[in-house]
There are 2 protein chains.
Amino acid sequence: MPKRENISMSVIRRLPRYYRFLKLLREKGVTRISSTELSAKLGLTASQIRQDLNCFGGFGQQGYGYMVDQLCTEIGNILGLSHAYKAVLIGAGNLGQAIASHLSFETEGFTLVGIFDNADAKIGRTINGLTVRNIDTLERFCNLEKPTMAVLCVPRSAVESLSDRLYALGIRCFWNFSHYDINMKYGDAIVENVHLNDSLMTLCYRITNDPMRTTK
Amino acid sequence: MPKRENISMSVIRRLPRYYRFLKLLREKGVTRISSTELSAKLGLTASQIRQDLNCFGGFGQQGYGYMVDQLCTEIGNILGLSHAYKAVLIGAGNLGQAIASHLSFETEGFTLVGIFDNADAKIGRTINGLTVRNIDTLERFCNLEKPTMAVLCVPRSAVESLSDRLYALGIRCFWNFSHYDINMKYGDAIVENVHLNDSLMTLCYRITNDPMRTTK
DNA sequence: TAGATTGTTAATCGATTAACAATC
DNA sequence: TAGATTGTTAATCGATTAACAATC
């Protein structure tokens, strides 16, 4: 049943969308859905959805469709959302604070166990139930808590040395919001570089080159 | 020279990365770079980079490579970054504040002209030089300023009515951080839905299914 | 049983890579 | 001129779509 091999990144990136939508349906009390209905709502083809889901196993019932609740749970399991991996967040600025709240009210896959900053003004403050710790205590904390993941909300200049430090502490998974890619530096690390600026520039491209508005 | 037709989305999504990297190079004083050097740094093939750039015109010099400064400027122009489109931001919570700062210190394509919120505690506060306005004054403000884009940093429940309101005010471009997709509702609107949670869940999938750590 | 809808294979489409002629 | 590297075409690879047999 777990065929799972060589799942392409494009499929993986669609899983959270499926999951979110199914969760919404479940909340609404919908029990059953067909790939055709799903496709209409998500703007994909029914074929693609069936193809995607079948990478992981046959979750549907022929002639009937998919059970919303079951499918949602299955995808949640595939994503590994119940693991509650321990995560630390570095940088308690606005973005850090926003992420910290985000994570807590939509705890999907991770538990935030520590927040760190180097500014005296931030240290000691409470964000979402966690006290902001002095970055100097990072080593002690990590050796004790053994977090799996680090969220980086620090300025570009701080990332390089910080990621080295975290890597040395055994962290192999980074959610990076700084404007500095930490891709492929460490062969065995998993990195998500989130570039909000890239998204903004893409938007800019799209307005600028929109056939609707370019008069020419 | 401007061949620009049917540029695929995958190419467009790579443009900001090129732009960022070239800007960095320029700051470092690098004047010349070949597609091969670029490819090594960006983790792409030289072929792909040349292919991408040639969608928009021949910016290189055969036998020599690309002028960093010129190429950076060209890509900036393609992206339309100098337009400084007027943008309003709705929702002055942590995320809104983070974005507002983001936009201002890395002004690429847009100028933030107004910030709005509905909470008395937020209204009147100053974020990055802009005073948070009462959401009730949105219509008056937009009729005057005619912003092009709206950044949505509001809870899911608020998005639907808010986007309708903004659409009615002539806004056709949305940068949406709420957990509610406003895709394809309005045929002529340009939308970037940023789902930070999707990125997080993808990360969770990748740790959970990492061949490095799954013992089995 | 008939109708519906999945699971899965085959066909198509598009994006990436390779190759090389053009040319600085 | 020789060396290097682009611009561009052709080949390959992978992802999406279409089709249909399996089956609930």
Q: Show the residues, 5+ positions off or on another chain, whose built amide H is closer than 5 Å to the amide H of A:Arg32.
A: A:Val68
Q: Hey, could you get me the Stokes-Einstein D for chain A, Kirkwood radius over alpha-carbon pairs, 25 °C and 0.890 mPa s, rounded to whole µm² s⁻¹?
A: 124 µm²/s
**Q.** Rounded tilt (10° steps) of B:156-168 against the dominant C-alpha axis of chain B
**A.** 90 degrees
Q. What are the label-to-label distances in nm, one decimal and shortest first, from A:Leu169 to the same spot in the other copies, with labels 7 Å along Cα to Cβ?
A. 4.3
Q: Compute from the Cα atoms of segment A:36-103 the Rg and the Dmax, the latter being the longest Cα-Cα distance, and quote both in angstrom.
A: 17.2, 52
Q) Tilt of helix A:68-79 relative to the longest C-alpha principal axis of chain A, in degrees (0 to 90, nearest 10)? A) 40 degrees
Q: Return the whole-Å distance between the Cα centroid of segment A:120-165 and the Cα centroid of segment B:187-202.
A: 27 Å
Q. When only C-alpha pairs under 8 Å and at least 6 residues apart count, what is the relative contact order of segment B:111-216, in percent?
A. 17 percent
Q: For B:Thr137, go 7 angstrom from Cα along the Cα-to-Cβ vector, then report the distances to that same point in the other copies in nm, smallest first.
A: 4.3
**Q.** Beta bridge orientation in the protein assembly as shown: antiparallel %, DSSP, nearest 5
**A.** 20 percent
Q. Pick from A:Cys72, A:Cys204, A:Cys142: which residue has the top mean-square fluctuation in a GNM of chain A where Cα pairs under 10 Å get a spring?
A. A:Cys204
Q: Report relative contact order for chain B in percent, whole number only (criteria: Cα-Cα under 8 Å, sequence separation at least 6).
A: 13 percent
(Q) At 7 angstrom along the Cα-to-beta-carbon line, where would the label on B:Thr36 sit relative to the other copies? Give the distances in nm, shortest first. (A) 5.5
**Q.** Cα lying deepest toward the dipole's positive end in the protein assembly as shown, options A:Val159, A:Leu15, B:Ala46, charges on Cβ
**A.** B:Ala46
Q. For the pair B:Ala46 and A:Ser8, how long in nm is the line joining their label points, each one 7 Å along Cα→Cβ?
A. 2.8 nm
Q | Highest-fluctuation residue, A:Arg26, A:Arg13, A:Arg125 considered, GNM on chain A with Cα pairs under 10 Å | A | A:Arg13
Q) Of A:Lys28/B:Lys185; A:Lys146/B:Lys122; B:Lys86/B:Lys185; A:Lys146/B:Lys41, which pairs sit farther than 26 Å apart, going by alpha carbon to alpha carbon? A) A:Lys146/B:Lys122; A:Lys146/B:Lys41
Q. Kirkwood hydrodynamic radius of the protein assembly as shown from all distinct Cα pairs, in Å?
A. 23.5 Å
Q: Using only Cα atoms, find the angle between the long axis of helix B:9-28 and the longest principal axis of chain B, and express it within 0 to 90 degrees, rounded to the nearest 10.
A: 80 degrees
Q. So what are the ³J(HN,Hα) numbers for segment A:171-180, from phi and the Karplus equation (6.51, -1.76, 1.60; θ = phi - 60°), rounded to whole Hz, Gly and Pro as x?
A. 7, 10, 9, 10, 10, 10, 9, 6, 8, 9
**Q.** Which of A:Ser101, A:Ser178, A:Met201, positive extreme of dipole for chain A (C-beta unit charges)
**A.** A:Met201
Q. Which of B:Lys41, B:Lys122, B:Lys86 moves the most in a Gaussian network model of chain B with Cα springs under 10 Å?
A. B:Lys41
Q: Would you work out the relative contact order for segment A:9-128, in percent, from Cα pairs under 8 angstrom that are 6 or more residues apart?
A: 22 percent
(Q) Can you give me the long-range amide H partners of A:Val151? Hydrogens built in the peptide plane at 1.01 Å from N, cutoff under 5 Å, separation of 5 or more residues or another chain. (A) A:Val88, A:Leu89, A:Ile90, A:Trp175
Q: Compute the distance in nm between two label points, each set 7 Å from the Cα along the Cα-to-Cβ direction, one at A:Asn183 and one at A:Ser157.
A: 2.6 nm
Q | Nearest-20 debye value, chain A charge dipole, Cβ charges on Lys, Arg, Asp, Glu | A | 560 debye
Q. Ignoring ligands, DNA and RNA, how much accessible area is buried between chains B and A, both sides summed, with a 1.4 Å probe, to the nearest 100 Å²?
A. 5900 Å²
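The values are calculated or read from the model by the stated rules, or taken from the named source; none is laboratory data. Predicted, not measured: the structure shown is a model, and the values here were computed from it. Positions of Cβ are backbone-derived with ideal geometry, glycine not excepted, and every protein chain shown enters the neighbour counts. Remember, those area values only see protein heavy atoms, side chains included, never the ligands or the DNA or RNA. Shrake-Rupley method; radii C 1.70, N 1.55, O 1.52, S 1.80 Å.
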